[in-house]
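**Student:** Let me give you the structure first, and then I'll get to my questions.
All of the numbers you see were taken from the coordinates with simple rules; none came from a lab. From a predicted model like this one, the values you see are computed outputs, not experimental measurements. With ideal geometry, Cβ positions are generated from the backbone for all residues, glycine too; neighbour counts draw on all protein chains shown.
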Amino acid sequence: MKIFRNSFLLLIFSAFLCSFASGQKVTEANPGALDLVMGNLNGRIYTNELLKFELKLPDEGIILNQAEIDVYKNAGVDLLKNGNAQNDARIETAARKEVIILNYAHKPLGSTGNFILVIGTVKQNSGVTLPMVVAATLKGMTATGKFELLKSLTGVVIGGLKADGLEGTLTTNTGIKVKERILILMRNGYSISFVLNGVDDAGLDSAQDILIPLKFFPK
């Protein structure tokens, strides 16, 4: 169970690495914006009016609440610190900027054969582009020493929009390797990261299938 818990902590961390691209803390951009950024979950339907999208989640599976997300996020930060002052400061800064707005697990955390979706967002500074965010994400991921890039992704259609990203292998502290796919797009000045995690390619594809009902609204 510890193996899959550690991979989940790394997954949470992967979501907020997108904030390395000159992002700003949501409450710094607008002190009253946090509730709006978080969106609304009504049953199994998640809606975000600020980022203009809606996602109907599967009837089965687990949606983590914010308190659970915060616990795993903080643990993920601790897991990836390595005693290097510059690296540790970068990790803490990224964690402060990113908001995890949705977290879905197909099975209880720690289960075998699980796959997970984490959606995070960062308010990006003016002039920041999608390639900049993807490049910063890759740099932050590889700097941890726990991520190996397998391929870059471009033009992946989700919800009718094109996303770029990367796919690779995460290695847990116990040496277990899990697959991860990160898809990123820009919306209303925010980067949105869809981070998918599975034990193999089939798990990644199952995680991405969760995004099939995703709908983006006109800006």
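**Student:** Is the shape of region 81-219 rounded, prolate or oblate, going by the alpha carbon gyration tensor and its root eigenvalues a ≥ b ≥ c, with a/c under 1.5 for rounded and a/b larger than b/c for prolate?
**Tutor:** Oblate.
**Student:** If each residue of separation counts as 0.36 nm, what is the full-extension length gain between THR129 and ALA202 once their alpha-carbon separation is subtracted?
**Tutor:** Full extension of this stretch gives 23.2 nm more.
**Student:** I want to check the label-to-label distance for ASN42 and ILE176. Put each point 7 Å from Cα in the C-beta direction and report it in nm to one decimal.
**Tutor:** 3.8 nm
**Student:** How long is the gain from ASP70 to GLN86 if the chain were fully straight, where each residue apart is worth 0.36 nm and the alpha carbon distance is subtracted?
**Tutor:** 3.4 nm
**Student:** Each label point is 7 Å from the Cα along the Cα-to-Cβ direction; what then is the distance between the points at GLU60 and PHE217, in nm?
**Tutor:** If labels sit at GLU60 and PHE217, their model points lie 3.2 nm apart.
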